[in-house]
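> The structure's right below; bear with me while I get my questions together.
The values are calculated or read from the model by the stated rules, or taken from the named source; none is laboratory data. Just so we're clear, the structure is a prediction, and the values are computed from it rather than from any experiment. With ideal geometry, Cβ positions are generated from the backbone for all residues, glycine too; neighbour counts draw on all protein chains shown. These accessible areas exclude ligands, DNA and RNA; they are computed on the full protein's heavy atoms, side chains included. Shrake-Rupley method; radii C 1.70, N 1.55, O 1.52, S 1.80 Å.
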Amino acid sequence: QVIRSEGTEGVKFRLSGKGVDQDPKGIFRINEMNGDVSVTRTLDREAIANYELEVEVVDMNGKTIDGPVRLDILVIDQNDNRPMFKEGPYVGHVMEGSATGTTVMRMAAFDADDASTDNALLRYNILRQTPTKPSPNMFYIDPEKGDIVTVVSPALLDRETMESPKYELVIEAKDMGGMDVGLTGTATATILIDDKNDHAPEFTKKEFQATVKEGVTGVIVNLTVGDRDDPATGAWRAVYSIINGNPGQSFEIHTNPQTNEGMLSVVKPLDYEISAFHTLLIKVENEDPLIPDIAYGPSSTATVQITVEDVNEGPVFHPNPMAVTKQENIPVGSVVLTVNATDPDTLQHQTIRYSVYKDPAGWLEINPTNGTVGTTAVLDRESPFVQNNVYTALFLAIDSGNPPATGTGTLHITLEDVNDNVPSLYPTLAKVCDDAKDLRVVVLGASDKDLHPNTDPFKFELSKQSGPEKLWRINRLNNTHAQVILLQNLKKANYNIPISVTDSGKPPLTNTTELRLQVCTCKKSKMDCSATDALHISLTLILLSLLSLFCKSFA
């Protein structure tokens, strides 16, 4: 009640503020005549804990006479909120073998009531533990702080002997300081017993057997181990090593990530003729180190006995590839070389026969018994089957095993050049105007399939010209080219000019080629070579006619 010392006659009270004429509106009201302040509906301290209002006295016309005066209304807390666990899920971890009293995790509940009263004074308790073995009271919770700690001995906190490495605790939080009248809330705490490497891996047996064919690589045996530690950790995952019996590094061992088995592999092919048996000593460890009071024992090593099976291996050529140098054009039937192949199966005493496998040009044959390679045709360095002066052929060596095995040998024959190709002349056609002022008709070039020194410098010559006057000459420009020059303008016609070119080989080779010269009519930069007269002169025909007359006269 609001009281005015001067009395209330002829005046009235007016209330304002949040909760009256401001949101939330209408919670409080005042009796205008006597000043009684009342609440119109239920209050929630957790929503609004206090209200700041103003009271003033006004006359009948609403004019303020006194005030305003501040009126504070405090909402007294009632225990109407249960404790709540808001931060779940709650999961804690503790290492197996931990000392008694080891803190696992902390549980913290929230109470919306007034923290300065017992309405929000919480106490914690474990209602239930699942599973209940090896002890129904594996853990304890501090009633005030909510810390969960271990209460059993390290020996009982053994992950490998537990029914399950996961425990679930139902935790209760009660307000009013844990009194019976207090409100409660619950949550589940999951505690996982973490593994430590307190068990060494052990082979399931002391000796393993494996069989492998010589010359083969790959996995030959899987070694199995047992480990009582957690398969999801490095305390369970195995690491294998070969500690004896592998001087040539022919074997390797790796861990199968799914099964934890040791996959023993041959990485370098084994040779039965060198050793038919191998004995390996294998050691297994964990990725994580063992705890200090645990050590690897005899069961962490095992022996692997490996038997190598004999396989009929193909003969091997020595050397391979084989190389020899020969002149091209050597006589047919010449010996190129004698190949040599040996059988790796030294204990089987097999015979070897030889045959031609690939002979692209068909130039070679081989004696099937002694391996002598001879020629069946002329070797030609200029053949398209020869690349960079080298001819390549393949031969087979076949043993007498059942079934027989085959080895392949490669022969490279380097062919030395012989002057066996005449030079060729180009071009063989030239055109010139009948009134040309530049009588240099054409530049001729020569080429030769042979190699230096059986090629250039080339010698260019004109065959002897008949008639009262000479019509052309040839001038050498360099080692490979010469120029044909007219000595006078000629009539429109076709002319055949025999030209001989000689290479520098020993002995030299000469080739005579006719250069066809067309003398054409040229008008307004156009050359007309059609309808030329019959061949005006051909030195070749003249020579043939003279030879025929000579023969008849002699007869």
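> Are there any pairs, at least 6 apart or on different chains, whose C-beta atoms fall under 6 Å, with the first in region 474-503 and free of Cβ contacts under 8 Å to residues at least 12 places away in the same chain and the second open to solvent by 20 Å² or more (accessible area, probe 1.4 Å), and if so, which?
Pairs found: Asn475/Gln483.
> Within region 91-103, does at least one residue satisfy the condition of being open to solvent by 80 Å² or more (accessible area, probe 1.4 Å) and free of Cβ contacts under 8 Å to residues at least 24 places away in the same chain?
Within region 91-103, none of the residues are open to solvent by 80 Å² or more (accessible area, probe 1.4 Å) and free of Cβ contacts under 8 Å to residues at least 24 places away in the same chain.
> Here is a follow-up. Considering only region 119-171, state which residues are acidic (Asp, Glu) and part of a strand (DSSP E or B). Spell out how you get there, then give the answer.
If we filter region 119-171 for residues that are acidic (Asp, Glu), which is where we start, we get 142, 144, 147, 158, 160, 163, 168.
Listed by number, the residues that qualify are Asp147, Glu168.
> Any idea how many residues of region 362-381 are over 25 Å from Val311 (Cα atoms) and either buried (at least 17 other Cβ atoms within 10 Å of the Cβ) or not assigned by the TED database to the domain that holds Thr342 (or both)?
9
> Among the residues of region 290-313, write down those that are more than 21 Å from Leu223 (Cα to Cα) and at pLDDT 95 or above.
Across region 290-313, there are no qualifying residues.
> All but one of (1) part of a loop (DSSP other than H, G, I, E, B); (2) among the acidic types (Asp, Glu); (3) open to solvent by 50 Å² or more (accessible area, probe 1.4 Å) hold for Glu252; state the number of the condition that does not hold.
Only one criterion in (1) part of a loop (DSSP other than H, G, I, E, B); (2) among the acidic types (Asp, Glu); (3) open to solvent by 50 Å² or more (accessible area, probe 1.4 Å) is unmet by Glu252, namely (1).
> If Asp420 passes every condition in (1) in contact (Cβ under 8 Å) with a residue 60 or more places away in the chain; (2) loosely packed, with under 13 Cβ neighbours inside 10 Å but one, which one does it miss?
For Asp420, the failing item is (2).
> Would you tally the residues in region 206-228 being part of a loop (DSSP other than H, G, I, E, B) and not charged (D, E, K, R)? Steps first, answer last, please.
Within region 206-228, the first condition is being part of a loop (DSSP other than H, G, I, E, B), and the residues that meet it are 206, 214-217, 224, 227-228.
Checking the rest, the ones that are also not charged (D, E, K, R) come to 215-217, 224.
Result for region 206-228: 4.
> While we're looking at this one, here's another question. Any idea which of (1) surrounded by 18 or more Cβ atoms within 10 Å (Cβ to Cβ); (2) within 30 Å of Asp230 (Cβ to Cβ); (3) of a type outside the set (Lys, Arg) is the one Gly88 doesn't satisfy?
(1)
> Sticking with this one: When region 434-454 is examined, which residues are found to be in a strand (DSSP E or B), among the hydrophobic types (A, V, I, L, M, F, W, C) and surrounded by fewer than 17 Cβ atoms within 10 Å (Cβ to Cβ)?
Initial filter on region 434-454 (in a strand (DSSP E or B)): 440-447.
So of that shortlist, the ones also among the hydrophobic types (A, V, I, L, M, F, W, C) come out as 441-444, 446.
Hit for region 434-454 is Val443, nothing else.
> Which of the numbered conditions does Tyr357 fail, given that it passes all the others? Conditions: (1) closer than 16 Å to Thr406 by Cα; (2) not in a strand (DSSP E or B).
Only one criterion is unmet by Tyr357, namely (2).
> Something else now. From the set of residues in region 1-23 that are in a loop (DSSP other than H, G, I, E, B) and open to solvent by 70 Å² or more (accessible area, probe 1.4 Å), which is farthest from Leu74 (Cα to Cα)?
The qualifying residue farthest from Leu74 (Cα to Cα) is Glu9.
> Which of the residues that make up region 190-249 are within 27 Å of Pro165 (Cβ to Cβ), open to solvent by 70 Å² or more (accessible area, probe 1.4 Å) and within 33 Å of the chain's Cα centre (by Cα)?
Within region 190-249, Pro231, Ala232, Arg237 meet the criteria.
> Of all residues in region 24-42, which are open to solvent by less than 60 Å² (accessible area, probe 1.4 Å), aliphatic (A, V, I, L, M) and part of a loop (DSSP other than H, G, I, E, B)?
Ile27
> Restricting to region 269-327, give me the number of residues that are in a loop (DSSP other than H, G, I, E, B) and under 30 Å from Ile413 (Cβ atoms). Give the derivation first.
Looking only at region 269-327, we keep the residues that are in a loop (DSSP other than H, G, I, E, B), and these are 269-276, 287-297, 310-315, 318-321.
Among the residues that remain, those that are also under 30 Å from Ile413 (Cβ atoms) are: 313-315, 318-321.
Selection size over region 269-327: 7.
> Which one of Lys431, Lys470 is farther than 30 Å from Thr351 by Cβ, open to solvent by 60 Å² or more (accessible area, probe 1.4 Å) and at pLDDT below 90? Show your work before the answer.
Numbers: Lys431 fails: at pLDDT below 90.
Unique residue meeting the criteria: Lys470.
For (1) touching an Asp or Glu at 6+ places or on another chain (Cβ under 9 Å); (2) over 30 Å from Glu416 (Cβ atoms); (3) assigned by the TED database to the domain that holds Val386, each residue gets a yes or a no:
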position: Trp236; (1), (2), (3): yes, yes, no
position: Pro247; (1), (2), (3): no, yes, no
position: Gln258; (1), (2), (3): no, yes, no
position: Ala276; (1), (2), (3): yes, yes, no
position: Gly297; (1), (2), (3): yes, yes, no
position: Val304; (1), (2), (3): yes, yes, no
position: Val339; (1), (2), (3): no, no, yes
position: Pro344; (1), (2), (3): yes, yes, yes
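> Here's a follow-up. Look at region 50-77 and say how many of its residues are in a loop (DSSP other than H, G, I, E, B) and farther than 19 Å from Ala173 by Cβ. Can you show your working first?
From region 50-77, those in a loop (DSSP other than H, G, I, E, B) are 60-63, 75-77; that's our starting set.
The next check asks that each one be farther than 19 Å from Ala173 by Cβ; those that pass are 60-63, 75-76.
Within region 50-77, residues that are in a loop (DSSP other than H, G, I, E, B) and farther than 19 Å from Ala173 by Cβ number 6.
For (1) touching a Ser or Thr at 6+ places or on another chain (Cβ under 8 Å); (2) within 30 Å of Glu313 (Cα to Cα), each residue gets a yes or a no:
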position: Ala361; (1), (2): yes, no
position: Leu364; (1), (2): yes, yes
position: Arg381; (1), (2): no, no
position: Gln387; (1), (2): no, no
position: Leu396; (1), (2): yes, yes
position: Thr410; (1), (2): yes, yes
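> Listed residues Leu396, Leu411; which is open to solvent by less than 10 Å² (accessible area, probe 1.4 Å), over 29 Å from Lys459 (Cα atoms) and assigned to a strand (DSSP E or B)? Write out each step before concluding.
Numbers: Leu396 fails: open to solvent by less than 10 Å² (accessible area, probe 1.4 Å).
After applying the criteria, what remains is Leu411.
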